[in-house]
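What follows is a single structure, written as structure tokens, with notes after it.
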Amino acid sequence: MESKSSNSHDPMLRVFVTLPASYTVAGSRAEGEPVAVHRCRTRSIALDRIVIEADTAPPEDTKIHLNVPGLGIYAGQVQKRIATGFVVNITFDAAAVAKLTPRLGWLKRYLARQIDNRRTHARHRLPPYPVQLCADDGTEIPATLYDLSSSGLAVLTDARPAIGERFTLGGITGTVARLFEGGLALFIDPPRQLDELREQLLPQERNDLGARRG
């Protein structure tokens, strides 16, 4: 019986989403020099290829390492250049497919506004922002913040804590309200002003703004 390739994928699972990313060209570093990191943005993500928007595009067949915060770092090869960037073919192993599939599925449902979200406060989708959730026992869980409102937030993470478990993030304490494939939602009670939450949870955003004003 023929086994399925480790790169088998769902051709229907494609998400059109703009996320900040970066890439490096494999084997391009000169001895004694730092690796050049090129900033870019995703335009669409599937389980076999990612469309990238970038100011400069590597030549076709160039091997690169692509970093999409919250989704992972992947090795790929430039399939073709396009007017706004390039398309990179990605070869995922079974573990990477198992990890990425639920996250892409959640992003697709979220962007289509199909996620059951009972929050009454306006929510704000954020660029992916790495954070640490701290449990009451001191355990820290790496996560990526994607969604924020005055009464709650959503993160992508592999952790599966119990509903009702408490976590602290940037001095804000929340309770796990629900789990979804690839992440969880925390309920903040009482609700806070959105500006206050952004100030505490996104310090880098504040620093970047100060630098631009300076």
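The values are calculated or read from the model by the stated rules, or taken from the named source; none is laboratory data. Note that the coordinates shown come from a computational prediction; the quantities given were computed from them, not determined experimentally. Note that we place each Cβ from the backbone using ideal geometry, even for glycine, and neighbour counts take in every protein chain shown.
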Is there a residue in the stretch 100-118 that is within 21 Å of residue 46 (Cα to Cα), assigned to a strand (DSSP E or B) and at pLDDT below 85?
no
What is the residue count in the stretch 131-188 for residues that are without any contact (Cβ under 8 Å) to a residue 12 or more places away in the chain and either in a strand (DSSP E or B) or within 14 Å of residue 200 (Cβ to Cβ) (or both)?
1
Within the stretch 33-54, the count of residues that are within 10 Å of residue 86 (Cα to Cα) and assigned to a loop (DSSP other than H, G, I, E, B) comes to 1
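Take the residues in the stretch 176-214 that are charged (D, E, K, R) and modelled with pLDDT of 55 or more, then tell me which one is nearest to residue 163 (Cα to Cα).
Just the residues of the stretch 176-214 that are charged (D, E, K, R), to begin with: 178, 181, 189, 192, 195-196, 198-199, 205-206, 208, 212-213.
Those left that are additionally modelled with pLDDT of 55 or more: 178, 181, 189, 192, 195-196, 198-199.
Details: 178: 6, 181: 14, 189: 15, 192: 21, 195: 27, 196: 26, 198: 25, 199: 27 Å.
Residue satisfying both the conditions and the ranking: 178.
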